[in-house]
Amino acid sequence: MLEEFIRQKTAILATIENVEALTKNDMEVMDDRLLMVKEQLISNCFNFVILGQFKRGKTTLINSLIGREILPSSVVPLTSVVTILKNSEETSCTISMQDGSEKKILIEELTDYVTEKGNPKNIRGVRCARIGYPSPFLEKGILLVDTPGVGSTFLHNTETTYEFLDHLDAAVFLMSADVPISQVEKELLDTIKGSTQKIFFVLNKIDNLTPKEIEEITAFNKQVLEEMGFTVNEIWPISAREALKAKTTNNNVQLSQSGLLNLEDALGTFLSLEKGKIILNTTISKTKRVISRKLSQMAIEKKTMEASGEELEDKINTFCHLVTNLKQDREDVKYLLKGESEKLCLKVEEMLRILEEKETPRVRQCLTDFYEKNPVLRPTVLRDEMQKVIRDEIVRGFDAFRKDTERGISNTIQETFHRFTRRSNNIINEFKTAAEILFEVSMEQCEFSVELARDTGFCYVVQEYTAPTEEEVKSILRTFLPKSLSRKMVLNEMADRVSSDVGRNCGRTRSDLTTRIGKTIDHYSKQLKDLGSDLIAQIEQAIQKGQERRMAGSESVRAELSLLANKAKILEEHKETLEKAWNAINLMDVKSEQIKMAVV
């Protein structure tokens, strides 16, 4: 399969280079597009990021995959800077600084830059470390990324890891066999859920457990992950420490027992099959789009040169009218989107009003119930305990509201965007159809889509009150008041605070929700401003080139028409070649699945 991937990749690269040579004298924007497609295929790299809570063995796992203790590890939280390993003929280490500068260092100096001990709180200002190392594993086309553990003693380590999440293509999520999956790990997983479609779940440190214990902790973690919405086909049990020892001592038995070989096989299969297929298919699609754009431009350029002066003037005037209408339609959609944003914010306002009306009496009733169930508590203790009741009940109430509201608001926004995306696609395709009729050419199907801004979740605060000292309570309640009356005063005082606490959190949630809605709508609107711009530029460039040929004279027009016909023929042949490659690649995948099913 890997050999087939390499063969197809080489053939596709050759086709791209042929298209490049054919269009090298054309508009610069076309060459840029093709160059980007080619560079992405040549690089053939994934950011394979190792993630997890601190002290799960991430660095040791990387060292075991490489087969050498190249990255520093420790029994205390150590890695403080993102470290990237790539394949290289020789070992090298480059430190990229936050100010944009770079410096070459010896691999033995790495500890001084990427660890908490050598570079506490990243006082050196390191952005990342890049290590080149000759490794068969890295030859498979990946950048292996070590990240600081989340949830460690050092907050900046957690922040560094979260900042890198936008750059991951696939992830290895490392859990520990000696503890169940934690809340910190769940929060990290929630964050990366939308960032990558491929996560390898790995259970490390199995060398200290019995097979039954490994089975139990694996089943527990699998259940937790599935409840979070992940599809978990397998959790890979390993001992990274034993695997590293085995590789450094060439102990094949120990290596087999460590479980690392199974994980390496899974990673290798993904890199050679799934990843390879994605890369090749994406490259083919992008290259075919570039060719289709070029063919459309050439057809419009041809029509521009062949039309009479009066006919050409009419076409250009009609085209300008179409562009004006498209821009007006864009503005109309943006205006309507603003109205949708206001409607959503009003909906939030109403939901929070209902929540406040419901939660205030509920929490007060909880206080009364607590008061009646604890008749022996002294006023001072009663006050402290009632503060806890308020805090716990508000958290409980707002948690329930968050789950329901987040789902409701998210669904409403998705429905709104789907509606407006359909409207936008209708607008651009109406423009495309009109342009096709005007210039009598077939143009590539246009599709407007928007990647929504990431939703960061709710944020609410339960106000903490500083409890008065016992002396202050005695002063307030007057020393000689009966205990029953003092307790009643505490109940009334705390009940009065419920309304302000609930109201404060409703206000905070209101601000949080409306801000998020506004940001998401703005994000959509900003992308909407480019609706049709690419298609307009494509047609304008073709008209401009055709007009330039007309001005150069009839001989120049005849030469250009002959050249265009020849180019079009060759480009159509390249499209056919790419189509055959697409079919071969996806047929290869189907055959692979059939083989798997037959084996099963």
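No lab work stands behind these numbers, since they all come straight from the coordinates. In this text, all values refer to a predicted model and were calculated from it rather than measured experimentally. All Cβ positions, glycine included, derive from the backbone under ideal geometry; neighbour counts span all protein chains shown.
Here are the numbers for this structure:
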{"item": "Segment S500-Q328, extension gain: residue separation times 0.36 nm, minus the distance between their alpha carbons", "result": "57.2 nm"}
{"item": "Rough spin-label spacing in nm, given labels placed 7 Å along Cα→Cβ, for N281 and A552", "result": "4.2"}
{"item": "3J(HN,Hα) from dihedral phi, segment 201-206, Karplus parametrisation 6.51/-1.76/1.60, rounded to Hz, x for glycine, proline", "result": "8, 10, 9, 9, 6, 7"}
{"item": "Sequence of T60, T249, T577 once ranked by neighbouring C-beta atoms within 10 Å, starting from the fewest", "result": "T249, T577, T60"}
{"item": "Residues with amide H under 5 Å from that of L203, placed H, sequence gap 5 or more", "result": "M175, W236, I238"}
{"item": "Residue order, fewest to most beta carbons within 10 Å, for R7, R504, R56, R550", "result": "R7, R504, R550, R56"}
{"item": "Among 375-388, 230-243, the order from most to least packed when residues are scored by Cβ within 10 Å on average", "result": "230-243, 375-388"}
{"item": "Cβ-derived FRET efficiency at R0 25 Å, D512 paired with A434, nearest 0.05", "result": "0.05"}
{"item": "For S135, residues with placed amide H under 5 Å, excluding near neighbours", "result": "S88"}
{"item": "Computed label-point distance, nm, for sites A537 and N583 using a 7 Å Cα→Cβ extension", "result": "3.4"}
{"item": "At R0 = 30 Å, FRET efficiency that the Cβ-Cβ distance of K186 and Q257 yields, to 0.05", "result": "0.50"}
{"item": "Rounded to whole Hz, the Karplus (6.51, -1.76, 1.60) HN-Hα couplings of segment 49-64, x for glycine and proline", "result": "9, 8, 10, x, 6, 4, 6, 9, x, 4, 5, 5, 4, 4, 4, 6"}
{"item": "Likely footprinting exposure, S96, S511, S486, fewest C-beta neighbours within 10 Å first", "result": "S511, S96, S486"}
{"item": "Calculated FRET value between A21 and K529, using beta carbons and R₀ = 25 Å, to 0.05", "result": "0.10"}
